[in-house]
Amino acid sequence: MRNYLFLTGATGLIARFLLREFLQSGVPLAVLVRPQGGRSGGARLAEIMAELEHDVGKKLPQPVCFEGNISAPNLGLGFDEQRWLRSHCSRALHNAASVKFDGADPDH
């Protein structure tokens with residue numbers, strides 16, 4: 001059954017709005033979240049979901065969370081996770097970015 005939308009960058013500023021709108025509209029989501037600051041991707045998503053549910057005043061459907069990184073080969077996902085995505089997701093919305101404001105040479 002390929003009816004999930006795969007959303008990358010699920011913890012970013014824009015994605016918070018996308019998450020809320022898609023989930024309130026009943027769109028089943030699978031999301032890619034990278035670990036950061038010693039917190040797992042799942043923990044980061046749980047914090048955002050709690051904020052969104054507080055904002056809208058109701059429980060929202062929970063997205064399927066995949067911990068990974070857009071900069072890693074195969075998004076840092078294992079074989080089983082890749083297979084799940086291929087068999088359950090018919091669409092993807094790439095919303096992630098790898099943003100750095102300094103290069104290899106900090107003087108340029």
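Where the centre of each part is set by its Cα atoms, how far does segment 1-27 sit from segment 41-62, in angstrom?
Comparing the Cα centres of segment 1-27 and segment 41-62, I get a distance of 12 Å.
When the chain is modelled as a GNM with alpha-carbon springs shorter than 10 Å, which of Pro35, Pro63, Pro73 fluctuates the most?
For the chain, modelled as a Gaussian network with Cα springs under 10 Å, the answer is Pro73.
How tilted is helix 41-56 with respect to the longest principal axis of the chain? Cα atoms for both, answer in degrees (0 to 90, nearest 10).
Relative to the chain, helix 41-56 is tipped by roughly 50 degrees.
On a 0 to 90 degree scale, rounded to 10, what angle separates helix 79-88 from the longest Cα axis of the chain?
Around 50 degrees separate the two axes.
What are the residues whose amide H is under 5 Å from the amide H of Leu93, where those residues sit 5 or more places off or on another chain and H is modelled from the backbone?
Phe6, Leu7, Thr8
Can you tell which of Ala15, Ala50, Ala30 shows the greatest fluctuation in a Gaussian network model of the chain with Cα springs below 10 Å?
Looking only at Ala15, Ala50, Ala30, the biggest GNM fluctuation is shown by Ala50.
Can you give the angle from 0 to 90° between the axis of helix 13-24 and the longest principal axis of the chain, with both taken from C-alpha atoms, to the nearest 10?
Taking the Cα atoms of the chain, the angle to 13-24 is about 10 degrees.
Once you list every other residue whose beta carbon is under 13 Å from the beta carbon of Ser87, what net charge do they have if Lys and Arg are +1 and Asp and Glu are -1?
With Lys, Arg at +1 and Asp, Glu at -1, the neighbours total +1.
Can you work out the accessible area per residue across segment 23-91, with the rest of the protein chains kept in place, probe 1.4 Å, in square angstrom?
Computed with neighbouring chains in place, this is 57 Å² per residue.
What does the helix-only formula give at 222 nm for the chain: each DSSP H stretch with n ≥ 4 adding -39500 (n - 2.57), the total divided by the residues, and the result rounded to the nearest 500 deg cm²/dmol?
Only helices count here, giving -11000 deg cm²/dmol.
In a GNM of the chain with a 10 Å cut-off on Cα contacts, which of Ile70, Ile14, Ile48 has the highest mean-square fluctuation?
Highest fluctuation of the listed residues: Ile14.
Of all accessible surface on segment 1-79 at a 1.4 Å probe, what whole percent is carbon and sulfur?
57 percent
The values are calculated or read from the model by the stated rules, or taken from the named source; none is laboratory data. The shown structure was predicted, so the numbers you read here are calculated from the model rather than taken from an experiment. Virtual Cβ from ideal backbone geometry, glycine too; neighbours counted across all protein chains shown. With ligands, DNA and RNA removed, areas are computed over all heavy atoms of the protein, side chains included. Shrake-Rupley method; radii C 1.70, N 1.55, O 1.52, S 1.80 Å.
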